[in-house]
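The values are calculated or read from the model by the stated rules, or taken from the named source; none is laboratory data. Predicted model only: the values in this text are computed from it and were never measured. All Cβ positions, glycine included, derive from the backbone under ideal geometry; neighbour counts span all protein chains shown. Protein only, heavy atoms only, side chains kept; ligands, DNA and RNA dropped before computing areas. Shrake-Rupley method; radii C 1.70, N 1.55, O 1.52, S 1.80 Å.
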Amino acid sequence: MIKNYLKTAWRNLRKSRMHSFINITGLSIGMAVAMLIGLWIFDEVSYNKSFKNYDRIAQVIQTVTNNGEMQTWTSVPYPLADELRKNYGSDFKRVVMGSGIGDHILSYDDKKLKRTGGFFEKEMPEMFSFRILHGNASLKDQSSLLISQSAAKAYFGDEDPINKLMKIDNQFDVKITGVYADFPHNSEFADLSFIATWDLIYNGTDWIKTIEDPWRPNAFTLFVELNDNADFKTVSARIKDAKLKKVNPKLAQKKPALFLHPMSRWHLYSEFKNGVNTGGAIQYVWMFGIIGVFVLLLACINFMNLSTARSEKRAKEVGIRKAIGSLRKQLVMQFFSESLLTVFFSFILALLLVQLLLPFFNGVSGKQMSILWNNSFFWTISIAFAVFTALVAGSYPAFYLSSFRPVKVLKGTFKAGRLAAIPRKILVVIQFSVSVILIIGTIIVYKQIQFAKNRPVGYSRDGLVSLPMSPDIHKHFDAMREELVRSGTILSMAEAGSPTTSTGSSTSGIEWKGKDPNLSTDFLYVETSYDYGKTIGWQLKQGRDFSRDYATDSSAIILNEAAANFIGFKNPVGETVTWWGRPLTIVGVIHNMVMSSPYDEPKPTVFSLSADEQNVAILRINPAVSATAALSNIEPVYKRFEANQLFDYQFTNEEYGKKFRGEERVGRLAGFFTLLAIVISCLGLFGLASFVAEQRTKEIGVRKVLGASVFSVWNLLSGDFVRLVLISYFIAIPIAWYAMNRWLLGYKYRITINWQIFFMAGVLAIVIALVTVSFQAIKAAVANPAKSLRTE
């Protein structure tokens, strides 16, 4: 019986080739989108699960009250590690303090490369289950170094790297004791190229060892692994005041409260607001999951619509089958078998599409996904998913077609009638409502990104380049600057504690007249040299820039608008504040600079002069010189003063552009899925238009004989579809507005959704519908009426 069902289903598919092509193509695209999104979601939710101790590891982070708001900091003071071991040791199996993971220059002989790494305590490899390929995981010796398999390949090729001597940042001498396997791409440590010891950076960095109050700087990362009998919530409550008990009264005003952030929440739940975890990447998991369901639904709607549109052609078949004794359930099985066969071919085509699209999709999404060919779970889910799709797509046609009464059908009195078209119209409305929502969402994401990109940043990014500093560069800074300016390569050059696209430190030690003694504060703090303002092109609002003409500027500061407004001086220039008791005079106020997230409000920031070595040198390239030529001139001068340092330049424009990478990725993915959703909707609309034109062949012929123009016939056939799209548009507007407004609330600096966005989406939807329908409408309108009237 089943074989007969399938044989009949195959004949019907071959008989209606256009109908079959549209159904299989639409379903395959819908299933391919669902598979791609499913692979992406699987990759996201399995983040960090490669670690054996995944469900026992957490990061110790803290909430502090600053500037009248509760903030969440992921960094802590380094004595906290020993405090947890000493007084809360029963809760933890391992406690690991580290410098955090960042970019460093790792060198071997003359080979210098930028690599991601960090300095951590000795239990780091055990806590994060490093898989050692060569040597051992020991970090007991201060100079020990573990490197990744890919780093070993880059530096040593096939040579054994164990016991080879390397140098970190041209400062720390280390010896390789082990090589570990690279971590999976969906891991917190995917780019981790090396691990050095905490003792190395502690003993080799003066400010860490000699700082007066080690509980003051929150500059380190602390990981813990819980004992088997402990849970995150209980331990969080227990260690909450561990820092508060140790800090001085001034810092106690911040009310620091520690808590554990489990590894299972690092990736998807990384955002905090007022001390509460508000989400993070999980919003995109939900968003793309919903998009995947909707796109597949669009494909299923196509199948339903095209199957029921052909109802009159299948009516006699149903009537004859019932007349010779077929039961309704047998007819239902017959139509379900057609659905299953269609879905089977669609599934095969979908796998092919996914395989072809994965390289592009990985590039857009920043992933390294592949079809899980050898994974039984993947095949179980995929087959169940395909069967479910067949049931959803085939249910309405199966029960609708099997309900025909044989007497009416065989007498020739059966006619589907207008009411029979209502479900199809409802499905078309749903289909285009989803498409319009996706169009509106894509437009809003794009506009939000462009809005932030075009935001005034308070300085000039064009031609601005950052270079790493070193003691030798600092020592010969004036000579290097003068040579480059004299050659016409640059206009100016300055030192700074951080690039203009980030802020490296903050301070809570600023006091001023009239400040509430109970108010805890935190100002971003940037140390600079002379010519910093001139080099970056910041914009003065009041007062003046730092100048060599004023000897007192060593005790001067410049505020940004946010800091000036927060302090509250009516005329801040000339006023005095103190920084940890040292008096400083405000000599200028600048317009706010975007130095952190371009989506957030600028934070209060203080700039001061310093004669000490800073982290970066910032250069303004002469606009009359090309960037390539300028870098070619700068490099030999830089190397002459610092032969051991890597010439690792960074264009400010490029670094600023990286801040939009996450949103741009979401926008590209949303645009890609929206395009596929529109293709599916157009396929369905094209199929329906072809059937409508076929059903009204005789009517069109009569109209043309009576003098109807091509335009009037086109208008007749297109009008119904345009009305359905307009209904979809008005349904989609409030849904899209609500969803995208909720998304925008996550950004402090955001666009306002205006009517032009909805108008643009509406026009686009109507144009797409008209273009799709017009092919069939015009084809029917220009047909020879003599042939049309002879069709029956």
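Assorted remarks:
- In this structure, F92 does satisfy being within 26 Å of K233 (Cβ to Cβ) and either hydroxyl-bearing (S, T, Y) or out of contact with any His (no Cβ under 6 Å at 6 or more places or on another chain) (or both).
- Among residues of the stretch 743-762, those that are basic (K, R) and either surrounded by 13 or more Cβ atoms within 10 Å (Cβ to Cβ) or under 20 Å from G671 (Cβ atoms) (or both), counted: 1
- Being within 30 Å of T605 (Cα to Cα) and either modelled with pLDDT of 95 or more or open to solvent by 20 Å² or more (accessible area, probe 1.4 Å) (or both) is true of T72.
- The condition of being over 16 Å from E575 (Cα atoms) and either polar (S, T, N, Q) or modelled with pLDDT under 95 (or both) holds for S520.
- Test: residue in the stretch 636-649 that is crowded, with 17+ Cβ neighbours inside 10 Å, of a type in the set (S, T, Y) and at pLDDT 85 or above: yes
- Here G102 fulfils each of the conditions (1) farther than 17 Å from K122 by Cα; (2) open to solvent by 30 Å² or more (accessible area, probe 1.4 Å); (3) small (G, A, S) apart from (2).
- Residues of the stretch 453-472 that are modelled with pLDDT of 90 or more and within 28 Å of T205 (Cβ to Cβ): V465, S466, L467.
- Exclusive hit being in contact (Cβ under 8 Å) with a residue 24 or more places away in the chain and more than 27 Å from K250 (Cα to Cα), set I567, I590, I557: I590
- Note on the stretch 611-635: residues that are modelled with pLDDT under 90 and over 14 Å from T501 (Cβ atoms) total 4.
- For T389, the conditions (1) open to solvent by less than 20 Å² (accessible area, probe 1.4 Å); (2) among the β-branched types (V, I, T); (3) assigned to a helix (DSSP H, G or I); (4) at pLDDT 80 or above are fulfilled apart from (4).
- Note on the stretch 608-623: residues that are among the hydrophobic types (A, V, I, L, M, F, W, C) and either outside any strand (DSSP E or B) or without any contact (Cβ under 8 Å) to a residue 60 or more places away in the chain (or both) amount to 1.
- Any helices (runs of 4 or more DSSP H) falling wholly within the stretch 189-246 and containing at least 1 residues that are modelled with pLDDT of 90 or more and either surrounded by fewer than 21 Cβ atoms within 10 Å (Cβ to Cβ) or out of contact with any helix residue (DSSP H, G or I) (no Cβ under 7 Å at 6 or more places or on another chain) (or both): 198-204, 232-239
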